[in-house]
Amino acid sequence: MNSFGKHDISGMILYNQTDFVDARAGDFISSIPFRNQGIAGRVTYGFDTRYLLEANFGFNGAENFAPDKRYGFFPSFGLGWVVSNEKFFADISKVITFLKVRGSYGKVGNNKISDSYRFGYIAQVGGGNNGYAFGRNNEVWYNGRDISEYAVDVSWEEAAKTNIGLELKTLNNDLSIVVDYFQEDRTGIFLRRSNVPLYVGLRSNPYGNLGVIHNRGVDGTVEYSTSLGKNWVISARTNFTWNRAVIIDDANAAWPYPWQQRIGRKLNQRFGLIALGLFEDEKDIENSPYQTGIVKPGDIKFKDLNGDGKIDSYDEAPIGYGAVPELVYGAGFNISWKGFAFGAFFKGVGNVDVRLNGEGFQPFQLAGDRGNLLQEVTNRWTPDNPSQNVIYPRLTYPSNENMNYNNSSWWIKNGSFIRLQTLEASYSLPKAKWFDKGGLSGLRIYFIGYNVATFSKFKMWDVELGDGKGAQYPLLKSFNLGVELRFK
Amino acid sequence: MQFRNISTYTAVVFLILLSSGCKKFLDQVPDDRVTIEEVFQKKQASEEYLANVYSHIREQGNQWTVNPFSGNTDELDVTWAKYSTYQLNIGSWNPTSLPFDIWGEQYKGIRSATYFINHIDGNEEILRLNGQQRIDQYKAEARFVRAYCYFALLRQYGPIVILGNEELAPDAPTADFQIPRSSYDESVEYIAGQLDSVAAVLPTSPAEDRDYGRATKGAALALKARILLYAASPAFNGNADYANFKNQDGKSLISGAYDTEKWKRAADANKAVIDLNLYALYKHASGDPVESYRGILLDAYNGENIFSRRNNNLTDWDVHSMPRAAGGWCGMGATQEMVDAYFMKDGLPITESSLYSENGFTDDIYNMYVNREPRFYASVNYHNRMIQGGNIITARRLNFFNGGTDGRYEGTEDYSKTGYLVWKNVSPNTNRITGQWYNRPNVLIRLGEIYLNYAEALNEYDYNSNQTEILKYINLIRERAGIPQYGTGPDALPIPATQSEMRDKIRQERRIELAFESHRWFDMRRWKIARDVMKPVHGMNCNGKDASAFFVRTEVTPRQWRDAYMFYPLPQYEIDRGRLLVQNPGW
């Protein structure tokens, strides 16, 4: 960093080269050293602590691509303006002590195509479909051989990131607010092209720089902290994040109906049939579009979106949000009075859902060889309890004898929740003479509870475990009661 | 000055980076890796590529999760509802949930075959060791397999997409991939033409022991003979049901016109196989017709075998079909419909024979199973039958009663719901308990079928002028089966008087002779009888604990039929990508 007058300048340039040999490589391809090389540079400039500028670049080479596609250039720029340091702000700065506006734009690259496919520009030969045997008396066995991955002309996947932010402090710095808007436009995402008909006969669909995803989001934090009189300290904080990634291109075949369309919709948007309820009686089934399998009253009745008289994949439409919450927020506080302190922090998510599916969820799967009966199975449609307001439709043996367990809105449940993540209380004893005898400098008794309570409409398992059958290891509730002794 | 230092340094770095030594840093394509070009320069690697092509010839031993061609008909009930045959039987299938879908897999075989044909020329090692003749033979083998795959698609999905002699580039624009389906007749012509051309190149018989199982001239001609028989059949010859089955440009995919000459062509093609004089009906040395009939499939590479698959799942078939006492899974239940189909030992159907009775017992055997034809005993296990095989070391009686050694049993799903088990092509030498596996080729085409094809085609073409020839081949089948023949031999039966009577006899003969050999699924479709055949199947009452409760005809599992089932649907994935494809009718 060089400073002369009001100018602050710094610069740096780096050459880097990595050569990593995986000593535990499990196959031939991963035993080849992993190599990258590149130059990176950075310049920062500040003027009068009011205007800030930063520029970075990376010129990176990766082993994964053909020689003429190997290098990628990834620049980035940042600008900052500390408004509160301007002369015209002097009057306001008593109220707003700090105000900064900043923005940045930059590109980053990704050269990792997939875990198993390192050298995209070379075709891979594998075992093909299978081997085959000939021979009259003795079997003459041949292993199979065929192209397993086709050579493709790929290069760096790029993400252009834009960020605009505002930082503000007010009320004698007691209150601080940070708000950011971010945007990430990923282009050339490594994807297998998915628009090749099967009759072309490819062993695997080739990769390409094919995907485009736009991600937009807002992120904010508000913190407040103050002292009241001599003994009270109060602080509170809250944060929230909202973001939505949208598919702009996915190298997939065009969908025949607009409701099937993935482009323009959220990344990881769920699709499925739309459940209208459960069939009430045979007549209801007769008068409804054809559904495959053995269909009886109590089975899920689906909506025929394209009106062709049968339920199939043409009737699959967006259902629910997805497994990843779009909205994450939190809020908490701490209050202390003399030696006593009390605090709590809540976390919440929204725009998320849980899809019930999987072996452990379906009763009598594979005709009783697999499957599971959860206690909710008692909450089902039966001829004696022909209720629509149940978790399971009519049970069948085996479970796959009709469309009940197809992906559908029936199995999508609201996954939003608010969780009391931490709850904390403590008492620090005032200094007493007997401290010295024991060599103590402080003594604190505390209680901390983690994951104390969850408020959600979803009751079948810990809602944060998400999709499936609730068979993952659940988040633990823990309560700690402790004594903290500090010695001199 | 620091600035200057930086720029000097930068310049040095760029120099390093751009120097060739550094560029090579990222050039680390392993030298010892086999590239696809190298595969076609070496003999072993090329033969392995060809083996991969061959591997797309589907084995037919597994009839529960790999093939539906027995379990989704009226001849067999696969007892386990967990297997996909059950899903077909209850009609729980559609273009997105499609068990037994082979569309994509077979087209991979087709592409690999084409790739092989286009790249094997000039293979120096083969040229040096075996000469051009071997390369030509291998190319013909790949072409045979390609035709076999096309046929497998045609018979299951109807009109196919024909790709020709060039592979499509994986990175071609999507528009280049768009190919419409060819009509049924065009598909047949293409496959038959390919088989004609390879028949001229392929050897008549394997040159060495190690070549058994490779495609031969006879295999090519026999496959063609089967295809032409299918093409002449009622479903594809004069069937008006598909008048509206058209490509997007209006091209009709299945002609409604009837052409008698199709039968003639089919007859000639089958006769051509017979006239090769390379094959003969298998007969056991003992002359016992039960042993003869069982040996067709169990005695490896006997003279009746025209084409077979050396590695297959037949030992799994053994285990799935064997009774529990033999160490089997007890689950391949022959249906009552199939039991009823077998003739009596006088050569007559049960409805006509005076020997048939459903009353009483003879030597503890229910009279329903007494005096039946040898093929029945070779093919079906029933209650109280004496049997030896698998882990039953000394012959003993089977017990299919509820609670019996081979019947329904508390706590297991492994029991036949029909009260019968298939015994055909089940080797007594496979024993799951001791880990013995009797591997043998899976016979895919055999002379017996060709005889039946020939008789059927001749009868349909012109019964009156071909009667002698038709009877000759039907009688050859019956003679080997050990039952009286029509119009000749001991206890001769009357000659069927009309074409229609003869048709019934031929179809019944075929149903019996080729039972459990993956024919019924296709035969009931091409004969347009599936609607009548695909009704709930029956068996004895497996819940019965004694004879009076057990020996009662009982409905066992459903068999659904919708007109759409005539063909498999193309997978939805494919319909979404092949923009010129039309879905099969009714799907």
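The values are calculated or read from the model by the stated rules, or taken from the named source; none is laboratory data. None of these values were measured; they are calculated from a predicted model. We place every Cβ from the backbone using ideal geometry, glycine too, and count neighbours over all the protein chains shown. The protein model used for the area step is the full one, side chains on, heavy atoms only, and it has no ligands, DNA or RNA in it. Shrake-Rupley method; radii C 1.70, N 1.55, O 1.52, S 1.80 Å.
Yes/no per residue for (1) within 14 Å of chain B (Cβ to nearest Cβ); (2) part of a loop (DSSP other than H, G, I, E, B):
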residue	(1), (2)
A:D308	yes, yes
A:Y314	yes, no
A:G320	no, yes
A:V324	no, yes
A:V328	no, no
A:N334	no, no
A:F342	no, no
A:K347	no, no
A:G360	no, yes
Name every residue in the range B:36-78 that is more than 10 Å from every other protein chain (Cβ to nearest Cβ), in contact with a Lys or Arg (Cβ under 6 Å, 6 or more places away or on another chain) and open to solvent by 10 Å² or more (accessible area, probe 1.4 Å), in order of residue number. B:E59
Checking B:K283 against (1) open to solvent by less than 40 Å² (accessible area, probe 1.4 Å); (2) farther than 25 Å from B:D504 by Cα; (3) more than 22 Å from the chain's Cα centre (by Cα), the condition it does not meet: (1)
Out of (1) more than 14 Å from chain B (Cβ to nearest Cβ); (2) surrounded by fewer than 17 Cβ atoms within 10 Å (Cβ to Cβ), the one A:E167 does not meet is (2)
Would you say B:N247 is open to solvent by less than 50 Å² (accessible area, probe 1.4 Å) and more than 26 Å from the chain's Cα centre (by Cα)? yes
Residues of the range B:356-394 being open to solvent by less than 30 Å² (accessible area, probe 1.4 Å), among the hydroxyl-bearing types (S, T, Y), in a strand (DSSP E or B) and touching a strand residue (DSSP E or B) at 6+ places or on another chain (Cβ under 9 Å), which ones? none
Can you confirm whether A:F65 is in a strand (DSSP E or B), among the aromatic types (F, W, Y) and under 31 Å from the mean Cα position of the chain (by Cα)? no
Name the helices (runs of 4 or more DSSP H) wholly within the range B:488-550 that hold at least 2 residues that are touching a helix residue (DSSP H, G or I) at 6+ places or on another chain (Cβ under 6 Å)? B:499-513, B:520-526, B:530-533
Do any residues in the range A:271-299 that are over 24 Å from A:L356 (Cα atoms) have Cβ atoms under 8 Å from those of residues that are crowded, with 21+ Cβ neighbours inside 10 Å and β-branched (V, I, T), where the two are at least six apart or on different chains, and which pairs are they? A:I285/A:V295; A:P289/A:I311; A:Y290/A:I311
Taking interchain pairs and intrachain pairs at least six residues apart, which have beta carbon atoms under 7 angstrom, with the first residue in the range A:388-413 and without any contact (Cβ under 8 Å) to a residue 40 or more places away in the chain and within 14 Å of chain B (Cβ to nearest Cβ) and the second open to solvent by 30 Å² or more (accessible area, probe 1.4 Å) and aliphatic (A, V, I, L, M)? A:P398/A:L366
Please note which strands (runs of 3 or more DSSP E) are completely contained in the range A:379-479 and include at least 3 residues that are more than 30 Å from B:L98 (Cβ to Cβ) and open to solvent by 50 Å² or more (accessible area, probe 1.4 Å). A:417-428, A:440-456
Answer yes if at least one residue in the range A:185-204 is hydrophobic (A, V, I, L, M, F, W, C), assigned to a loop (DSSP other than H, G, I, E, B) and either in contact with a Lys or Arg (Cβ under 9 Å, 6 or more places away or on another chain) or surrounded by 15 or more Cβ atoms within 10 Å (Cβ to Cβ) (or both), and no otherwise. yes
If you scan the range A:151-164, which residues turn out to be in a loop (DSSP other than H, G, I, E, B) and more than 7 Å from every other protein chain (Cβ to nearest Cβ)? A:A151, A:D153, A:V154, A:S155, A:W156
Failed condition for A:D48, given (1) at negative phi; (2) more than 27 Å from the chain's Cα centre (by Cα), with all others met? (1)
All but one of (1) in a strand (DSSP E or B); (2) of a type in the set (V, I, T); (3) crowded, with 18+ Cβ neighbours inside 10 Å hold for A:V295; which doesn't? (1)
Please work out which one of (1) more than 16 Å from B:Y54 (Cβ to Cβ); (2) part of a helix (DSSP H, G or I); (3) in contact (Cβ under 8 Å) with a residue 60 or more places away in the chain is the condition B:R181 fails and give its number. (2)
Please give the number of the condition A:L374 fails out of (1) open to solvent by 40 Å² or more (accessible area, probe 1.4 Å); (2) away from chain B (no Cβ under 14 Å). (1)
Does A:T226 satisfy being away from chain B (no Cβ under 14 Å) and either part of a loop (DSSP other than H, G, I, E, B) or buried (at least 16 other Cβ atoms within 10 Å of the Cβ) (or both)? no
Tell me, please, whether a residue that is out of contact with any helix residue (DSSP H, G or I) (no Cβ under 6 Å at 6 or more places or on another chain), open to solvent by 40 Å² or more (accessible area, probe 1.4 Å) and at pLDDT below 95 can be found in the range A:149-157. yes
Scan the range B:79-91 for residues that are within 7 Å of chain A (Cβ to nearest Cβ), open to solvent by less than 10 Å² (accessible area, probe 1.4 Å) and of a type outside the set (V, I, T) and report the count. 1
For the range B:531-556: of the residues being open to solvent by less than 20 Å² (accessible area, probe 1.4 Å) and closer than 18 Å to B:V78 by Cβ, which is farthest from the other protein chains (Cβ to nearest Cβ)? B:M540
For B:S97, work out the one condition from (1) within 30 Å of B:L168 (Cβ to Cβ); (2) within 11 Å of chain A (Cβ to nearest Cβ); (3) of a type outside the set (F, W, Y); (4) open to solvent by less than 10 Å² (accessible area, probe 1.4 Å) it doesn't fulfil. (4)
Lone qualifier among B:I433, B:I445 - being in contact (Cβ under 8 Å) with a residue 24 or more places away in the chain, open to solvent by 10 Å² or more (accessible area, probe 1.4 Å) and hydrophobic (A, V, I, L, M, F, W, C): B:I433
Residues of the range A:459-471 being over 20 Å from the mean Cα position of the chain (by Cα) and touching a residue at least 60 places away in the same chain (Cβ under 8 Å), which ones? A:M460
Listed by first then second residue, the pairs whose first member lies in the range B:566-587 and is over 25 Å from B:W527 (Cα atoms) and more than 9 Å from chain A (Cβ to nearest Cβ), whose partner is of a type in the set (D, E, K, R) and surrounded by 21 or more Cβ atoms within 10 Å (Cβ to Cβ), with beta carbons under 9 Å and at least 6 positions apart or on separate chains, are B:L580/B:R181
Is it the case, given these coordinates, that A:A55 is over 25 Å from A:D153 (Cβ atoms), within 12 Å of another protein chain (Cβ to nearest Cβ) and either assigned to a strand (DSSP E or B) or of a type in the set (V, I, T) (or both)? no
Scan the range A:233-272 for residues that are open to solvent by 60 Å² or more (accessible area, probe 1.4 Å), more than 13 Å from every other protein chain (Cβ to nearest Cβ) and assigned to a loop (DSSP other than H, G, I, E, B) and report the count. 4
